[in-house]
């Protein structure tokens, strides 16, 4: 891939405990800059773990991650936190908004954490994003007064406010009804097209995955298949996923 | 490294506290009651002590230079340096009197810790009036320091408190017993049959019973009337009454032919009383602080668990471990700060109520110490108590929260 914003080399992840649980094995992938990449696979295949490793939330046990040309080696957690603040945005299945703050304040939180920009400018930017996403009217509402779809939109605005390079979304519509889910997905796809922000999304929904430009399918913690949807075409990818289940030859 | 933008930490801390309003209110009230009790107790006990000390030594010398009740060093043929610092004269008379008193007065007055110093000549005499004869302690004083040590000028209730020959300043009890008024004349006798006619110049009321049995006249008149060659003692008051013992010890080391006595040595029982009062007050304060700390630690400990989700997402968005722990220390500070301010108000109210309600003869001692100590202690306790949840917050891994929903 010519322009990859993220690369992994032989990434492995094991959760150590009473019983060690290996989750990812030798994962080497590339995420195209400005594209929409979907991570699919059955439950327990390691999609979310891969996403969290890519988003620098969960340190891999082995292997390397290159983020925007910089190799992320053993950094301390505070440096990683500061790096996340300026470079990545997260959208989770549960919105994870802070009930102590209004909708607008929740959107502003990443700016407050990062500091730097003047307060008035941040506020203008946050309001602009909220208007664009259709939650401008709820800015002063407490987040628990909003519907599930509205809450997830506020979470999207929060992920966007620091103009990150990559947004990581883990089943962002998993907790929404079909209609709100569609609207949220449509919005994310639109934002991805118009802002050149890279979008990496974990989903188990085939329909959602087929809207992506790239699809990685994971099985048992390994990359099983890759589709360059732009090149092979949406239908071919759909047929392939539909007709043949992916198995890894050991 | 980038400077931490910690305004948001304050905001988050405040919102966390406001979100659990009931819990916050209870703990703030807990801190307030603790601080109020602390302030009230220490102000009350300090007030009581100030008043006790003032009653005991407010109108009395804090330290005395007295004739040594041993043979002067020079008499035994050993004249050391310290002895030479005295006038150099070695007289056997100094066993009951101080001859070279001027040196001691000068030395004491030069010391910055000493407020005033004066020689005094004491005698025991009798006053005859009508058929009555009463014994009095006659003090020969020198103005102004001599008068001020006994606060005679400030406590004069009638007449002009001036020392002049053939004029006596009278304690109120004597004046009342002998129905003497300003301007009246009476006869003072000594044990050798000497007679002196004195006119009442002023009457003073020192409050304490002993003080009101005094008769003050000019020192030289006492010396000649009682045939005292030197003086009976040199008396002094010091700025910090509790330093009197140290000062006395310091001067005592310099002089060989006199001994120094502080008010502390003369009032051991009072001192022991004061000390046990202070100890009990400190003990109570200590346990109040312990209970404040435990309360804050438990509330913030619960909050750290309750807010795990929020902390996890804040960390995912870039909050550092240090920031996360600061959020809890700030919560401790806010609880401690608001609680102490409220507590001071409550404590002042309690104190005012106590003084007004019981008609106590002493006031509360409201000083920087009694005001600030409970606040500083409560804040310190709050910060220390918050370190446990703060550490928990720092150790929380965002991925734990996110993986476990």
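What follows draws every value from the coordinates through simple rules; no lab data is involved. This structure is a prediction, so every number in the text was calculated from the model and none was measured. As a convention, Cβ positions derive from the backbone with ideal geometry for all residues, glycine included, and neighbour counts pool all protein chains shown.
Evaluated on segment A:151-220, the Kirkwood hydrodynamic radius is 12.7 Å, with distances taken between all distinct Cα atoms.
What number results when the radius of gyration of segment A:1-109, computed over Cα atoms, is divided by 2.2 N^0.38 Å?
Numbers: Rg = 15.4 Å, N = 109, 2.2 N^0.38 = 13.1 Å.
For segment A:1-109, the normalised Cα radius of gyration comes out at 1.18.
Enter the angle in degrees (range 0 to 90, nearest 10) between the Cα long axis of helix A:234-243 and the first principal axis of the Cα atoms of chain A, meaning the one along which they spread out most. Tilt of helix A:234-243: around 60 degrees.
Among B:315, B:155, the ranking by other beta carbons within 10 Å of each residue's beta carbon, starting with the fewest, stands as B:155, B:315. Taking the centroid of alpha carbons for each part, segment B:100-157 and segment B:315-392 are 49 Å apart. Across all directions, the shadow cast by the convex hull of segment B:164-224 built on its C-alpha atoms averages 4.2 square nanometres. The angle between the Cα long axis of helix B:321-358 and the longest principal axis of the Cα atoms of chain B comes to about 40 degrees, rounded to the nearest 10.
Direction-averaged shadow area of the convex hull around the Cα atoms of chain B, nm²?
Numbers: hull surface 115.9 nm².
About 29.0 nm², averaged over all directions.
Based solely on its DSSP helices, what 222 nm [θ] is calculated for the protein assembly as shown when runs of n ≥ 4 H residues each add -39,500 (n - 2.57) and the sum is averaged over all residues, nearest 500 deg cm²/dmol?
Values: 23 runs with 314 residues, N = 655.
Here the helix-only value at 222 nm equals -15500 deg cm²/dmol.
In this label model, residue B:102 and residue A:123 are separated by 8.1 nm, measuring between points 7 Å along each Cα→Cβ vector. What the pair-distance distribution of segment A:97-250 shows, using all Cα-Cα distances binned every 10 Å from zero, is 10, 35, 30, 16, 8, 1 percent. Remark: mean inter-chain Cβ contacts per residue of B:319-326 equal 4, using a 10 Å Cβ-Cβ cutoff to other protein chain atoms.
Report, in degrees rounded to the nearest 10, the 0 to 90 angle that the Cα long axis of helix B:101-110 makes with the longest principal axis of chain B. Here the helix axis deviates by roughly 20 degrees. Note on the protein assembly as shown: the C-alpha convex hull projects to 45.1 nm² when averaged across all orientations. The calculated pair-distance distribution of segment B:105-173 uses every alpha carbon pair, bins of 10 angstrom beginning at 0, and gives 17, 43, 29, 9, 2 percent.
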